[in-house]
1. Applying the selection to segment 322-343, what residues are closer than 17 Å to Ala42 by Cα and out of contact with any Leu (no Cβ under 6 Å at 6 or more places or on another chain)?
2. Between a first residue in segment 264-281 that is free of Cβ contacts under 8 Å to residues at least 12 places away in the same chain and a second residue that is surrounded by 13 or more Cβ atoms within 10 Å (Cβ to Cβ) and in a helix (DSSP H, G or I), which pairs have beta carbons less than 8 Å apart while being 6 or more apart in sequence or on different chains?
3. Does segment 18-56 hold any residues that are surrounded by 15 or more Cβ atoms within 10 Å (Cβ to Cβ) and either free of Cβ contacts under 8 Å to residues at least 12 places away in the same chain or on the phi > 0 side of the Ramachandran plot (or both), and which are they?
4. Would you check which residues across segment 257-313 are more than 30 Å from Ala382 (Cβ to Cβ) and touching a Leu at 6+ places or on another chain (Cβ under 9 Å) and list them?
5. For segment 121-140, name all the residues that are without any contact (Cβ under 8 Å) to a residue 40 or more places away in the chain and not in a helix (DSSP H, G or I).
6. Return yes when Arg106 is among the charged types (D, E, K, R), farther than 24 Å from Thr168 by Cβ and exposed (fewer than 14 other Cβ atoms within 10 Å of the Cβ) and no when it is not.
7. Name the one entry in Asp299, Asp323, Asp310 that is on the phi > 0 side of the Ramachandran plot and not aliphatic (A, V, I, L, M).
Amino acid sequence: MNLTAAPHVPDHVDPALVVDWDYQRDEKLSQDPYARYAEWIAAAPAEVVWTTANGGHWMIMRNAAIVDALQSPELFSSKHTAIPPRAGSIKLIPEELDPPEHTKYRSILNRRLGPKMMKFFDARTRHLANALIDAVQTDREADLMDALTIPMPCSLFLEMVGLSTDRTREFVGWKDELFKGGDAERAAAQAKIVGMLEETIADKRVNPGEFDLMSFLIHEGRVDDKPISQEDLMSYGFLFFIAGLDTVTSLMTSCFAYIAQRPGTQERLLAEPRSIPDFVEEMLRRYSVVNPVRTATQDFNWRGVRVRKDDQFVCSTVIADLDPAEFSDPLKVDVERAENRHLGFGGGPHRCVGSHLARTELMATLQEVLPRLPNLRIKPGAQLTYTPGSLLGLASLPVAWDD
């Protein structure tokens, strides 16, 4: 006899729209999250569904509707980035702000992340990529995440914002504890991050760097013609810390995983280097990694559903970029795909402020690394697994290559 109570479904939700899909814990997601998402897209009874997982929330299942939600902050707030919302977490600026406040804080970053920063990113990416490959090239095998796709983008990002690159591995561990640990681990990780940021900000007030973003915010940043407060600097720093240690790593790992699993791809990219930018764009679409969350600001009717204030929505870029109504044969990688209007960097006012820097980093890394790891391939017997949730990513990438 099964005594398990049926999941609660709010009265305003049409029973015909109810599913039990869990984007955080579904067992199939660890094997191939993209195939699983494609199954959900095909099976969705409507373009917006209610799932009973994670306490209950909406999932938007079509590209056009996701774009609509991301572009409508007056209805879909960014005040929470997790489902369910995390109690006691530090507010992330500007990610968890809505216009017009969001615009004030984001415009400061826009001033700094311009052509000079792109030039810095390109040069430093090439230097760091080659230095990291130098350390493993003669081994002819490595976990490419440990060897390259974690330390390189993380070190580069930490250097850009003015945090210590000597502690990259330690910082990545804190980030994992914050998002994957139990309550005690999360609290301890947050305390360590807060302490590190307080020390960094205090140091930068006295010893500003010439180029780093935190020094710029402290000494030149203004909101409403006033210096940025200590509290807001901490919120900026917390966002820099958690955002910079995952997203590019996941995207870059997907690029190398695709190449390593498909003989001939590496040779074609090396023979036609002008195709690398299009390859990167298609990777950003086919292997999107972010599942943004939005929260309803009020009661309203939208695309055939009744929404109540504080309902939460998953506005998945993965779903948007696998929607067959927007992309023909969406699971296929097509470097020549026309009008590739992907959402790999999100959409609306919260579209990734560093998207052009991430593109530069991805392209420069491929250009430097692919010639140095000939016949790149997955190690025999290795099984690739993914970590699902708010950010999709491979857990490891064991590869081998020739001399």
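1. Start the filter on segment 322-343 by keeping residues that are closer than 17 Å to Ala42 by Cα, which leaves 322-332.
Within segment 322-343, Leu322, Asp323, Pro324, Ala325, Glu326, Phe327, Ser328, Asp329, Leu331, Lys332 meet the criteria.
2. So the pair list comes out as Thr265/Tyr258; Thr265/Ile259; Arg268/Ser275.
3. Within segment 18-56, Arg36, Asn54, Gly56 qualify.
4. Kept after step one, since they are more than 30 Å from Ala382 (Cβ to Cβ), are these residues of segment 257-313: 274, 292-313.
Of everything in segment 257-313, those that are more than 30 Å from Ala382 (Cβ to Cβ) and touching a Leu at 6+ places or on another chain (Cβ under 9 Å) turn out to be Pro292, Arg294, Ala296, Thr297, Gln298, Phe300, Trp302, Gly304, Val305, Val307.
5. Correct list: Ala135, Val136.
6. Details: among the charged types (D, E, K, R): yes; farther than 24 Å from Thr168 by Cβ: yes; exposed (fewer than 14 other Cβ atoms within 10 Å of the Cβ): no.
The answer is no for Arg106.
7. Only one candidate passes the filter, namely Asp310.
So that you can scan it fast, the table gives a plain yes or no per residue for (1) under 28 Å from Arg36 (Cα atoms); (2) part of a helix (DSSP H, G or I); (3) modelled with pLDDT under 95:
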position	(1), (2), (3)
Ala325	yes, no, no
His342	yes, no, no
Pro349	no, yes, yes
Cys352	yes, no, yes
Leu357	no, yes, yes
Glu361	no, yes, yes
Thr365	no, yes, no
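The values are calculated or read from the model by the stated rules, or taken from the named source; none is laboratory data. If you're wondering where the values come from, they're calculated on a predicted model, not measured in any experiment. Cβ atoms come from the backbone with ideal geometry, glycine included; neighbour counts cover every protein chain shown.
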